[in-house]
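Working notes, structure below.
The values are calculated or read from the model by the stated rules, or taken from the named source; none is laboratory data. Values in this document were obtained by computation on a predicted structure and should not be read as measured data. No Cβ is skipped: glycine too gets one built from the backbone with ideal geometry, and neighbour counts run over all protein chains shown. Side chains are part of the model used for accessible areas, which takes the heavy atoms of the whole protein and leaves out ligands, DNA and RNA. Shrake-Rupley method; radii C 1.70, N 1.55, O 1.52, S 1.80 Å.
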Amino acid sequence: MGVESDRIVVKKDRQIMIVKLLDEEYPDYDYVIPQITGTIVKLNRHELLNTLRRVAIFSTEKFKGIKFFVLPDKIEFVSENPELGDAKEFLEVEVGEDISLEIGFNPRFFIEALTAMTSELVNINFTATEGPCIVTGDNDPGYLSVMMPMKI
């Protein structure tokens, strides 16, 4: 192993790995990750994952977002694609407060985050209509996923 001015070179037998060192300032992640406040919704991870997979069938590169309509007793998931058709499903939830929130997300990012988790129940913390949401699970200590919304 050798260290050059801006890279590390690791050699073993006939294999060589070169890693470029970056001397940059990373953004303060505390600024990017919102505090857990606002509306927290508990959902069964498998039901949410299956619902998102079904609704995402109608999303394409051109029409890739789905809308989440968060209501006091349910969340509706809507995908609208003029080329393929529309999909609409809902999951019953107990939000515990009077709320009406409409927010759009790329379903692929949600599916990836939920697939990496092991918790049966997941918590989705909606911070604002245009702000990110946080996905956590009770049986996934240290796991936190920040989902950035998109305009649909």
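Assorted remarks:
- Residue count, the stretch 84-101 (criterion: open to solvent by 50 Å² or more (accessible area, probe 1.4 Å), out of contact with any Ser or Thr (no Cβ under 7 Å at 6 or more places or on another chain) and not hydrophobic (A, V, I, L, M, F, W, C)): 6
- Extreme residue, surrounded by the most Cβ atoms within 10 Å (Cβ to Cβ), among residues of the stretch 111-128 that are out of contact with any strand residue (DSSP E or B) (no Cβ under 6 Å at 6 or more places or on another chain) and in a loop (DSSP other than H, G, I, E, B): T127
- Just one of the listed residues (R108, R14, R45, R54) is of a type in the set (K, R) and open to solvent by less than 90 Å² (accessible area, probe 1.4 Å), and it is R45.
- Out of S79, S59, one residue alone is among the small types (G, A, S) and in a strand (DSSP E or B). It is S79.
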